[in-house]
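**Student:** Next up is a structure, given as structure tokens.
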Amino acid sequence: MVSVRLPGELEQRLEQRSLQDNMTKSDIIKEALQEYLDKRERTDSPYLLGEDLFGKYGSGIGSLSFDYKKHVREKIHAKKSN
């Protein structure tokens with residue numbers, strides 16, 4: 001069991017939220033603490049956090065990093081032949 005002292009304003013806000021949401025103050029505090037701890041304990045790497053963004057606006061050419069010289073030559077050749 002844990003006891004927590006809250007500043008007056010925070011306690012009033014908690015009381016109002018408790019009445020509005022029809023929840024006990026303890027349940028609100030438990031939920032908030034769970035979210036806080038989950039967020040702090042997340043060990044995702046920076047790559048995993050941004051994985052859905054990588055390549056989102058790519059060229060669609062998967063070998064571009066390997067064949068960049070070839071692609072540059074082709075673009076230059078196409079530009080000269082127009």
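**Student:** For the range 28-59, give me each residue that is part of a loop (DSSP other than H, G, I, E, B) and either of a type outside the set (Ser, Thr, Tyr) or touching a Gly at 6+ places or on another chain (Cβ under 6 Å) (or both).
**Tutor:** Passing the criteria: ARG42, ASP44, GLU51, ASP52, LEU53, PHE54, GLY55, LYS56, GLY58.
**Student:** Applying the selection to the range 26-61, what residues are among the polar types (S, T, N, Q) and surrounded by 10 or more Cβ atoms within 10 Å (Cβ to Cβ)?
**Tutor:** GLN34
**Student:** How many residues, within the range 67-82, are surrounded by 10 or more Cβ atoms within 10 Å (Cβ to Cβ) and not in a helix (DSSP H, G or I)?
**Tutor:** Counting residues in the range 67-82 that are surrounded by 10 or more Cβ atoms within 10 Å (Cβ to Cβ) and not in a helix (DSSP H, G or I) gives 1.
**Student:** Looking at MET23, is it surrounded by 10 or more Cβ atoms within 10 Å (Cβ to Cβ) and outside any helix (DSSP H, G or I)?
**Tutor:** So MET23 fits the description; yes.
We did not get these values from a lab; they are worked out from the coordinates using the rules stated. The shown structure was predicted, so the numbers you read here are calculated from the model rather than taken from an experiment. Cβ atoms come from the backbone with ideal geometry, glycine included; neighbour counts cover every protein chain shown.
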